[in-house]
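Notes to accompany the following structure.
The values are calculated or read from the model by the stated rules, or taken from the named source; none is laboratory data. These numbers come from a predicted model, not from an experiment. Neighbour counts run over all protein chains shown; Cβ positions are idealised from the backbone, glycine included. Accessible surface is based on the protein model in full, side chains and every heavy atom, while ligands, DNA and RNA are left aside. Shrake-Rupley method; radii C 1.70, N 1.55, O 1.52, S 1.80 Å.
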Amino acid sequence: GNKNINAKLVLLGDVGAGKSSLVLRFVKGQFIEFQESTIGAAFFSQTLAVNDATVKFEIWDTAGQERYHSLAPMYYRGAAAAIIVYDITNHASFERAKKWVQELQAQGNPSMVMALAGNKADLLDARKVTAEEAQAYAQEHGLFFMETSAKTASNVNDIFYEIAKRLPRV
Ligand code: GDP
Ligand code: MG
């Protein structure tokens, strides 16, 4: 790769969906069974090489609690990418994810690359949201969709990689 791209990326979604766990898995290759709730937001950075570029993600991991909602625009404004996370075992978290998509499509950067992550894909027995339902929603709203597991690492690097590939090359 010969291009260096800096990309601000924000994670949004219900509290408990696994935003911090996805970031921890991507940035440090770790998983914590009792991950503490995020307060406000946390910042991380990680670099990923794709075919033609090196992408440095500047990652804002937001809290997800309603009481921090008014802070969210600070994190998604100017973001090149967003991962909207829900928990496949929690239908309410999927509904919350749709609200975030709506808000980003109304207020966010129009060229933002958006990914929908159905996390906790390792908990198949407790599944409440089908992959078909989420895929159909994602397609209809112009996002790309993946089921992930921060626990097993399934599709975690892949979702960041897919985002990196889709970022505009300046
Ligand atoms: P956040 O509030 O969205 O940042 O969610 P956290 O990352 O704090 O995760 C909430 C809880 O779900 C923690 O106890 C995590 O260990 C757990 N968790 C997160 N991702 C996964 C996953 O992929 N699979 C399983 N089984 N548990 C997960
Ligand atoms: Mg968190």
Give the number of residues within the stretch 78-102 that are among the β-branched types (V, I, T) and part of a helix (DSSP H, G or I). 1
Hey, among L48, L9, L22, which residue is surrounded by 13 or more Cβ atoms within 10 Å (Cβ to Cβ), touching a Phe, Trp or Tyr at 6+ places or on another chain (Cβ under 8 Å), under 27 Å from V129 (Cα atoms) and not charged (D, E, K, R)? L9
Let me spell it out: the conditions are (1) closer than 25 Å to K3 by Cα; (2) of a type outside the set (V, I, T); (3) at pLDDT 90 or above, and D52 meets all of them except one. Which number is the exception? (3)
Quick check on R67: is it over 12 Å from the mean Cα position of the chain (by Cα), more than 22 Å from S45 (Cα to Cα), within 16 Å of ligand 2 (Cβ to nearest atom) and not hydroxyl-bearing (S, T, Y)? yes
Could you list, in sequence order, all residues of the stretch 28-39 that are within 13 Å of ligand 2 (Cβ to nearest atom), within 17 Å of the chain's Cα centre (by Cα) and exposed (fewer than 13 other Cβ atoms within 10 Å of the Cβ)? S37
Tally up the residues in the stretch 46-68 that are in contact with a helix residue (DSSP H, G or I) (Cβ under 9 Å, 6 or more places away or on another chain) and either of a type in the set (D, E, K, R) or free of Cβ contacts under 8 Å to residues at least 40 places away in the same chain (or both), please. 1
Scanning the stretch 14-40 residue by residue, those assigned to a loop (DSSP other than H, G, I, E, B) and either among the acidic types (D, E) or in contact with a strand residue (DSSP E or B) (Cβ under 9 Å, 6 or more places away or on another chain) (or both) turn out to be D14, G16, A17, G18, E33, E36, T38, G40
Quick check on the stretch 41-77: of everything there that is assigned to a loop (DSSP other than H, G, I, E, B) and in contact with a strand residue (DSSP E or B) (Cβ under 8 Å, 6 or more places away or on another chain), which residue is nearest to ligand 1 (Cβ to nearest atom)? G64
Here the residues within the stretch 127-170 that are farther than 16 Å from I83 by Cα, free of Cβ contacts under 8 Å to residues at least 60 places away in the same chain and crowded, with 18+ Cβ neighbours inside 10 Å are V129
Candidates A115, A121, A106, filtered to the one that is farther than 17 Å from I163 by Cβ and not in a helix (DSSP H, G or I): A121
Looking at the stretch 80-100, is at least one residue open to solvent by less than 50 Å² (accessible area, probe 1.4 Å) and on the phi > 0 side of the Ramachandran plot? no
